[in-house]
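No value in this document is a laboratory result; all are computed from the given coordinates. Model, not experiment: these values are computed from the prediction. Every residue, glycine as well, gets a Cβ built from its backbone with ideal geometry; the counts of neighbours run over all protein chains shown.
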Amino acid sequence: MRILLIGYGAMNERVARLAEERDNEIVGVIVKDSSKQYPYPAFNSISKAPEADVAIDFSNPELLLPLLEEDFTLPLVIATTGEKEKVIEKLKEKSAHMPVFFSANMSYGVHILKEIIQYAVPLLEDFDIEMIEKHHNKKVDAPSGTLVQLYDAIKEKREQSVPVYDRHESSSKREAAEIGISSQRGGTIVGEHQVLFAGHDETIEITHHAQSKDIFANGAINVADVLVNKENGYYTYNNLNEERI
């Protein structure tokens, strides 16, 4: 594949290395300041970039959203976190003219975690639910996009859900509808996401540990490899591998 990278931070540096190891070509990078030095040709607009088979994005809404206003038809693999609703709205508009894929977490294991959680929630309807995520000390957004995605999955199965972020200002007992959401930051933790189901005299914990950021980079490349052959449409891990009739 000929791959255009949107953003060139730590994640897309990994995408570039792993993509080239798999005999793909990086044709350029889209960045805010294209005058800086990069290992690849740099551009501040998709319309000015070389022809590519697919674009892989690990950037931020500040860079991505203006790009989505441009006129182009290029398969997109989007892993930006932050301003999720705006990003999804623009991607769905674009999907009429190109295949687009969105996930707040490019790990297939996290997708399976979401599936397990959605299966468990109706079975554990009397259990309290608490959610915890841990990331490295350089991560900006909290809670993570992945934890927000997991909360949305829970909310689909438990309509009476009220998110409660941390609990340091709480002065009352926990209510049944509450879903506790906590973020921890420190060191070089790649990413950990835990959902705790707490019942009477028993608990169940479902946890995903990311041991290397390579899982996210390889996940994006794997998705791109499928997406370039898909029809126009909006895709997630839920429907990427489904055949359209």
### Message
Nearest 10 degrees is fine. How inclined is helix 108-123 to the longest principal axis of the chain, computing both from alpha carbons?
### Response
30
### Task
Could you work out which residue, out of 90, 157, 138, moves most in a Gaussian network model of the chain, that is, has the largest mean-square fluctuation with Cα springs under 10 Å?
138
### Message
Need the C-alpha centroid separation for segment 184-245 versus segment 22-77, integer Å.
### Response
23
### Query
residue 54's amide H: which non-local residues (gap 5+, or another chain) put their own amide H closer than 5 Å, with H modeled 1.01 Å from N in plane and none for Pro or chain starts?
2, 4
### Task
For the chain, with a Gaussian network of springs between Cα atoms less than 10 Å apart, report the residue from 153, 16, 104 with the top mean-square fluctuation.
153
#### Entry: Whole-Hz couplings from phi, Karplus 6.51/-1.76/1.60, listed for segment 26-43; x for Gly and Pro
8, 8, x, 10, 9, 9, 5, 10, 7, 7, 6, 8, 10, x, 10, x, 10, 9
### Query
Once phi is turned into ³J(HN,Hα) by the Karplus curve 6.51 cos²θ - 1.76 cosθ + 1.60 with θ = phi - 60°, what whole-Hz value does each residue of segment 132-149 show in order, with x for glycine and proline?
9, 10, 10, 9, 5, 7, 9, 6, 8, 7, 8, x, 5, x, 5, 5, 4, 5
#### Entry: Built amide H within the under 5 Å cut-off of residue 83, gap 5+
none
### Query
What dipole magnitude, in Debye to the nearest 20, does the chain give about its Cα centre under +1 on Lys/Arg Cβ and -1 on Asp/Glu Cβ?
600
## Note on the structure
Summing +1 per Lys or Arg and -1 per Asp or Glu among the other residues with Cβ less than 13 Å from residue 38's Cβ gives 0
### Query
How big is the chain by the Kirkwood estimate over distinct Cα pairs, in Å?
19.2
### Message
Compute a Gaussian network model of the chain, connecting alpha carbons closer than 10 Å, and tell me which residue from 160, 149, 184 fluctuates the most.
### Response
160
### Task
Using the Cα centre as the reference, give the magnitude of the dipole from point charges on the C-beta atoms of segment 43-180 (Lys, Arg: +1; Asp, Glu: -1; all else neutral), rounded to the nearest 20 debye.
260
### Other-chain or far-sequence residues with amide H under 5 Å of residue 107's (modelled H)
none
### Task
Normalising by the residue count of the chain, find the relative contact order in percent from Cα pairs under 8 Å and 6+ residues apart.
22
